[in-house]
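Coordinate-derived values only; no laboratory data. Keep in mind that this is a model prediction, so the values were computed, not measured. Positions of Cβ are backbone-derived with ideal geometry, glycine not excepted, and every protein chain shown enters the neighbour counts.
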Amino acid sequence: MSFVIKSGARQYIVDYGQQIIVNKIEGKENDTIKLDVLFAIGDDSKSPKTISAKIVKHQKGEKLRVVKYKNKSNYHRQYGPRQHETVLEILSK
């Protein structure tokens, strides 16, 4: 059975036992958190309102390249931030 959950301003389609990468969530590793279920996909008549997930680890994402350039003025600027991410594991019932 799949669920559509909400974490921050984003929505994810998940199953039990799946690991997902979301924006940084406050908490320590191996903590359990509750996520809101927006929609349940499947034929189970009793869908839960919340689902629990375990924080596996905190990490940094891939570097994003941002380039600024102004024509005829010899201005070039390049930088690349890395987003903080959290890996979650969806726990079974």
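Consider residue 83 carefully, then state whether it is surrounded by 11 or more Cβ atoms within 10 Å (Cβ to Cβ), out of contact with any His (no Cβ under 9 Å at 6 or more places or on another chain), assigned to a strand (DSSP E or B) and among the polar types (S, T, N, Q). Criteria met by residue 83.
Scanning the stretch 15-53 for residues that are closer than 20 Å to residue 83 by Cβ and not in a loop (DSSP other than H, G, I, E, B) yields 19, 20, 21, 22, 23, 33, 35, 53.
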